[in-house]
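Here is the structure we will look at.
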């Protein structure tokens, strides 16, 4: 099984009194054996706004939280679980 991180980005737009932060994550999972292959992309997006500038720690937390949510989606994916049970 292989996980490829296709996108992991935090984009921040600042104005004089506020900020808008958009976080995107896209992961591709590939599971294969000699007979078959399963490929699926998982993605997530989160947005937040604030009254002041955003810190590096806040950007890191936003990315980590979104990655965690996408990885939980992968772990709970019924299609993937069925494929794994039938082929490994």
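Restricting attention to the stretch 50-64, and to residues there that are modelled with pLDDT of 95 or more and touching a strand residue (DSSP E or B) at 6+ places or on another chain (Cβ under 7 Å), which single residue is nearest to residue 19 (Cα to Cα)?
Of everything passing the filter in the stretch 50-64, 59 is nearest to residue 19 (Cα to Cα).
If a residue has to be surrounded by 11 or more Cβ atoms within 10 Å (Cβ to Cβ) and assigned to a helix (DSSP H, G or I) to count, how many in the stretch 33-71 make the cut?
Count: 14.
The values are calculated or read from the model by the stated rules, or taken from the named source; none is laboratory data. Just so it is clear, the model here is predicted, and its values are computed rather than measured. In this analysis, Cβ positions are derived from the backbone assuming ideal geometry, glycine residues included, and neighbour counts consider all displayed protein chains.
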